[in-house]
Amino acid sequence: MLDLQRLRALHAVAVHGTVGGAAAALGYTPSAVSQQIAKLERETRTTLLEREGRGVRLTDEALQLASTAQELLTIIERAETGLEERRGVPAGRLSVAAFASAARGLMPAVLADLADRHPALDARLTEVDPDLSVDLVAKGAVDLVVAHDWDIAPLPAPAGVEQAVIGDDLCDLLVPEGHPFAGRSAVRREELGGERWICQPPGRVCHDWLVRTLRAAGHEPDLVHQAEENPTLVALVAAGLGVALIPRLGRGPLPAGVVEVPLDPMPVRRLYALWRTGAARRPAIAETVRTLREHWPRVAAAH
């Protein structure tokens, strides 16, 4: 008989693409995941992973087995949901994925509140880019996702995934002290031509929104510095190296030398909670979504 935990490990590698990614999602070490899959290979007398450069590739047999594992995990999720629903209280493990600034600015208070009010619930957080997290929840790799979109880049919710709005996160233009915009009450998007921009790398939602917005206003953006983390972007602005558009959530206090200027109209990104339709009746899901929405007004007001 095939071992469910070993199938879960294989499924995680198929979803995340690497042993390290699977280990992070499952809360194991990479060595433990490799050992689980090695045991599964011996049980099935089948090669499941093959070396490919510095990573691994799933064989055709492994892909078929991972697909079967997903079906089994879906059945188990339905059973667990039914039991939790009958008990009527949030319980069991709940894996949550959130993008960086939500993981920093929203989730600590939410997770602490859940732990205090529902000791039988074991909620666990992983930081994941929103471009990836929606696919992870659809494939059953995580239970709940906190993601965001922008007005010109809507968040797609695939079939079998439900979503609820958490709230709107406002974004400001950050400029160095002494910049011509620093004393303004607002700046129109049409005025942003000729600026040296500091932003996230291509492929990130914030980067793509900035480029599309500036081009829509008739400006080809001059992207002079790119970094993953918002604190790094703020530090580059403080050094006088350019301007940046940064959401308020998780941004933290601005250092000396950086001035916040509203844009007109003000950019907004909308935060969502997403979960699989099959788990919608699970009290842990409903309570976590409720807690996210309950905390959001206080978090937004603090920024």
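The values are calculated or read from the model by the stated rules, or taken from the named source; none is laboratory data. All of these numbers come straight from a predicted model, not from anything done at the bench. Positions of Cβ are backbone-derived with ideal geometry, glycine not excepted, and every protein chain shown enters the neighbour counts. All accessible areas refer to the heavy atoms of the entire protein, side chains included, with ligands and DNA or RNA removed. Shrake-Rupley method; radii C 1.70, N 1.55, O 1.52, S 1.80 Å.
Applying the selection to segment 285-303, what residues are among the aliphatic types (A, V, I, L, M), farther than 30 Å from ARG188 by Cβ and either open to solvent by 50 Å² or more (accessible area, probe 1.4 Å) or touching a Ser or Thr at 6+ places or on another chain (Cβ under 9 Å) (or both)?
Within segment 285-303, ILE285, ALA286 meet the criteria.
From (1) in contact with a Phe, Trp or Tyr (Cβ under 8 Å, 6 or more places away or on another chain); (2) at positive phi, pick out the condition that doesn't hold for GLY240.
(1)
Criterion first (crowded, with 17+ Cβ neighbours inside 10 Å and of a type outside the set (Gly, Ala, Ser)) does VAL165 satisfy it?
no
Just the residues that are in contact with a Pro (Cβ under 7 Å, 6 or more places away or on another chain) and in contact (Cβ under 8 Å) with a residue 40 or more places away in the chain, please, taken from segment 201-223.
VAL205
May I ask you to list the residues in segment 246-277 that are more than 18 Å from ASP172 (Cβ to Cβ) and open to solvent by 40 Å² or more (accessible area, probe 1.4 Å)?
The answer is THR277, and nothing else.
How many of the residues in segment 19-31 are open to solvent by less than 70 Å² (accessible area, probe 1.4 Å) and either touching a residue at least 12 places away in the same chain (Cβ under 8 Å) or not in a helix (DSSP H, G or I) (or both)?
6
Give the residues of segment 1-18 that are open to solvent by 70 Å² or more (accessible area, probe 1.4 Å) and of a type in the set (A, V, I, L, M, F, W, C), sorted by residue number.
The answer is MET1, LEU2.
Among the candidates GLU50, GLU61, GLU41, which residue alone is part of a helix (DSSP H, G or I), open to solvent by 60 Å² or more (accessible area, probe 1.4 Å) and among the acidic types (Asp, Glu)?
Criteria check complete, one pass: GLU61.
Could you tell me which residue of segment 124-162 is farthest from PRO247 (Cα to Cα), considering only residues that are open to solvent by less than 60 Å² (accessible area, probe 1.4 Å) and among the acidic types (Asp, Glu)?
ASP143
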